[in-house]
Amino acid sequence: MSRVKIDLPPSFHFTTRIPVRITDLNYGGHVGNDALLGLLQEARLQYLGQWGYTELSVAGAGLIMRDALVVYKAESFYGDVWNIQIKAADFSRVGFDLYYLVDAEREGQQIRIAEAKTGMVCFDYTARKPIGVPTEFVAQAQALG
């Protein structure tokens, strides 16, 4: 069976730390795939928040997720603290990709938990249709490197 691969950017320009909560665990005793997407959303909100944005207002545009790709590398457990790195790239007329590296701190070691990519579309929630990526946001994201 073939596996998906994410072509990660060579560098990332934002990092946040998020602890794994007991409610993030599934019946297998590790972080569930649904919880991982929720934790990525929290990291995404923190990334946008550095400019005072939310998912409903990025320089005047809302965001809607077009797709998500996750490659799991290791289990993660309650008590892990995730370091989530993010970079915006691959800008198009109405969207862009966010890349994520997820590592956990456990017993003094860094363990790669997952690599992920979400395709984001700029969206007008009133008109219910895609709109152009705000140039202000593109400039801010690209200025970080």
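The values are calculated or read from the model by the stated rules, or taken from the named source; none is laboratory data. Worth saying up front: this structure is predicted, and the values here are computed from it rather than measured. A quick note on method: Cβ atoms are made from the backbone with ideal geometry, for glycine too, and the neighbour counts reach across all protein chains shown. We work out accessible area using only protein heavy atoms, side chains counted, and drop any ligands, DNA or RNA first. Shrake-Rupley method; radii C 1.70, N 1.55, O 1.52, S 1.80 Å.
Brief remarks follow.
- Å² of accessible area per residue within the range 1-134, as computed with a 1.4 Å probe and no ligands counted: 53
- Summarising the amide proton neighbourhood of ASP80: residues at separation of 5 or more, or on other chains, whose placed amide H is nearer than 5 Å comprise VAL20.
- In Hz, Karplus ³J(HN,Hα) per residue of the range 94-103 (6.51, -1.76, 1.60; θ = phi - 60°; x = Gly, Pro): 10, x, 6, 10, 10, 9, 10, 10, 10, 10
- Note on the chain: the alpha carbon radius of gyration divided by the globular reference 2.2 N^0.38 Å gives 1.08.
- Relative contact order computed over the range 5-98 (Cα-Cα under 8 Å; 6+ residues apart), in percent: 43
- Expressed as a whole percent, the accessible area of the range 1-100 that falls on carbon and sulfur atoms is 53 (1.4 Å probe).
- Highest-first packing order for the peptide set 125-131, 54-60 is 54-60, 125-131, based on the mean count of other beta carbon atoms within 10 Å.
- Residues in the range 59-91 that a label on TYR125 would reach, taking backbone N under 19 Å of a point 7 Å out along Cα→Cβ: 59-67
- C-alpha center-to-center spacing [the range 1-66, the range 83-145] in angstrom: 8
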